[in-house]
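Q: Before anything else, here's the structure in question.
The values are calculated or read from the model by the stated rules, or taken from the named source; none is laboratory data. Computed from a predicted structure; not experimentally measured. Positions of Cβ are generated from backbone atoms using ideal geometry, with glycine treated the same way; all protein chains shown enter the neighbour counts. These area figures cover heavy atoms from the full protein model, side chains too; ligands, DNA and RNA do not enter into them. Shrake-Rupley method; radii C 1.70, N 1.55, O 1.52, S 1.80 Å.
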Amino acid sequence: MSYQRSDFDKWMVPNYNPAKIIPVRGQGSRVWDTEGRDYIDFAAGIAVNAVGHCHPKIVDALKAQAEKLWHVSNVFTNEPILALAERLVRHTFAEKVFFANSGAEANEAAFKLARKYAHDHFGEEKSEIIAFYKGFHGRTLFTVSVGGQAKYTRGYEPLPAGIRHLPYNDIEALTDAVSDKTCAVVLEPIQGEGGIIPAERDFIQAARAVCDKHNALLIFDEVQTGVGRTGKLYAYEHFGVTPDILTTAKALGGGFPVGAMLTTADIAASFGIGSHGSTYGGNALAGAVGCAVFDIVNQPEVLDGVVTKGQQLQEALSRFAEQYKLFDRPRGMGLMIGLPMTEAWQGRAKEVITEALSDGVMLLIAGPDTIRLVPSLLISDEEIQEGLKRFEKTLQRL
Ligand code: PLP
């Protein structure tokens, strides 16, 4: 089997423009390409490979389940997915879980449930969803419409109605906008795709208060911030606020596609039998891998390690910011770090990460003006140092 990057252009729909190299193997936070060159992975499949590539415990969990039972659909339940649901309920505010296959699907379920709950309890007038500019919630038509980036909805009109966008971290705009017609306020505790922009504590608390005042549900999209990424199992724990619905995906499966929507028993009751569904959601393989990932991540030493490794990276990157002046001081929490490009380098984040790849380090962008680092939560000191060394080489050259 030997393929080239040019084969992608031959056979694939052109909605992506993948890098020139083709990764073929990964171990921990190192990846090798078809030519045998190695890369330090600060991208982790876009915040997915929370325990690195091919962690032996998730490989074993997948293999063991693969020899037992793969899929039975939701006509039956299965033990691995019940075990994952039990873990999520035990370790979060939630009392009920709905499983999907991706972040967008978890959000689609959340937004539908918020509408349904409002209709069930307050009538059809209560249907407005309030969301934020630069927010990102997925690429289905509903989720992309709730997302606050016009570039992702352009050309797909007509869009679903009843969605309004506000500036993020603007308490006044939020308290003015929410009314008895609002069924939900949806936010990311740290905007990811929008440029790694953390919410202010006061903003999150104001969102909770205004939702309570108007019987609106508070939905946290923790697809990117969840499963240990910020140093807590879920980022809501940092803010002293509990959402009504939380969505999680990406790291939940450590590379196996799975998403989930968590909520209370009262709200969950609005998703009665037959009201929503998914053929694969709650698949046994996803459950088995999800449990293995969860058990690795949900340990105090791993979560504390995320904080320490994050600080270590932020210190080194602050030094790079000062020395090379391509980007300003890093922002973010734990191992979700953004490097905002300086004035002179506006719009050129992609160019920098492309160069960095040629020096053997995988980075991401979060919009055109931010470089993003979201490595494995288990990345070793040696991998961090080697990745920084390679990145510094790029910065020196540029
Ligand atoms: N929500 C957030 C906050 C995300 O960062 C993403 C993906 O980047 C999504 C939702 C969509 O997830 P998926 O691509 O798994 O549908």
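Q: So which residues in segment 234-256 are assigned to a loop (DSSP other than H, G, I, E, B) and open to solvent by 40 Å² or more (accessible area, probe 1.4 Å)?
A: G240, T242, G255
Q: Quick one: how many residues across segment 1-31 are basic (K, R) and under 16 Å from A43 (Cβ atoms)?
A: Here the count works out to 3.
Q: Okay, moving on. Please enumerate the residues belonging to segment 347-398 that are under 16 Å from Y324 (Cα atoms), under 21 Å from the mean Cα position of the chain (by Cα) and among the hydrophobic types (A, V, I, L, M, F, W, C).
A: The answer is A349, I353, I371.
Q: A further question on this structure: Within segment 177-197, can you find the residues that are more than 12 Å from the ligand (Cβ to nearest atom) and closer than 17 Å to L246 by Cα?
A: Passing the criteria: C183, A184, V185.
Q: Shifting gears a bit: Of all residues in segment 268-289, count the ones that are of a type outside the set (A, V, I, L, M) and either over 14 Å from W70 (Cα atoms) or at pLDDT below 95 (or both).
A: 8
Q: Can you tell me how many residues within segment 257-283 are open to solvent by 10 Å² or more (accessible area, probe 1.4 Å) and closer than 26 Å to G194 by Cβ?
A: The total comes to 1.
Let's see how each residue does on (1) open to solvent by 30 Å² or more (accessible area, probe 1.4 Å); (2) within 14 Å of the ligand (Cβ to nearest atom); (3) within 20 Å of the chain's Cα centre (by Cα):
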position	(1), (2), (3)
T140	yes, yes, yes
V146	no, yes, yes
R154	yes, no, no
E157	yes, no, no
P160	yes, no, no
L166	no, no, no
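Q: I would also like to ask the following. Can you name every one of the helices (runs of 4 or more DSSP H) wholly within segment 1-97 that holds 1 or more residues which are surrounded by fewer than 13 Cβ atoms within 10 Å (Cβ to Cβ) and either touching a Ser or Thr at 6+ places or on another chain (Cβ under 6 Å) or of a type in the set (G, A, S) (or both)?
A: 5-11, 56-66
This table checks each residue for (1) more than 14 Å from the ligand (Cβ to nearest atom); (2) of a type in the set (G, A, S).
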{"site": "A85", "(1), (2)": "yes, yes"}
{"site": "H91", "(1), (2)": "yes, no"}
{"site": "N107", "(1), (2)": "no, no"}
{"site": "A110", "(1), (2)": "no, yes"}
{"site": "R115", "(1), (2)": "yes, no"}
{"site": "H119", "(1), (2)": "yes, no"}
{"site": "E124", "(1), (2)": "yes, no"}
{"site": "I129", "(1), (2)": "yes, no"}
{"site": "G135", "(1), (2)": "no, yes"}
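Q: Quickly run through segment 208-228 and pick out the residues that are surrounded by 24 or more Cβ atoms within 10 Å (Cβ to Cβ) and within 16 Å of the ligand (Cβ to nearest atom).
A: I219, F220, D221, E222, V223, Q224, T225, G226, V227, G228
Q: Consider G228 carefully, then state whether it is within 15 Å of the chain's Cα centre (by Cα), assigned to a loop (DSSP other than H, G, I, E, B) and in contact (Cβ under 8 Å) with a residue 24 or more places away in the chain.
A: yes
Q: What number goes with the only condition from (1) assigned to a helix (DSSP H, G or I); (2) more than 16 Å from the ligand (Cβ to nearest atom); (3) of a type in the set (V, I, T) that V289 does not pass?
A: (2)
Q: On to the next question. It is to be established whether one or more residues within segment 123-136 are on the phi > 0 side of the Ramachandran plot, within 17 Å of the chain's Cα centre (by Cα) and surrounded by fewer than 24 Cβ atoms within 10 Å (Cβ to Cβ).
A: Yes, segment 123-136 contains a residue that is on the phi > 0 side of the Ramachandran plot, within 17 Å of the chain's Cα centre (by Cα) and surrounded by fewer than 24 Cβ atoms within 10 Å (Cβ to Cβ).
Q: Search segment 100-113 for residues that are more than 16 Å from S127 (Cα to Cα) and among the acidic types (D, E) and pair each with any residue that is more than 6 Å from the ligand (Cβ to nearest atom) and open to solvent by 20 Å² or more (accessible area, probe 1.4 Å) when their beta-carbon atoms are under 9 Å apart and the residues are at least 6 apart or on different chains.
A: E105/T140; E105/S278
Q: Please work out which residue is farthest from N215 (Cα to Cα), limiting yourself to segment 103-121 and to residues that are open to solvent by less than 40 Å² (accessible area, probe 1.4 Å) and out of contact with any helix residue (DSSP H, G or I) (no Cβ under 7 Å at 6 or more places or on another chain).
A: So the residue we want is A106.
Q: Which of the residues spanning segment 242-255 are within 12 Å of the ligand (Cβ to nearest atom) and out of contact with any Gly (no Cβ under 7 Å at 6 or more places or on another chain)?
A: L246
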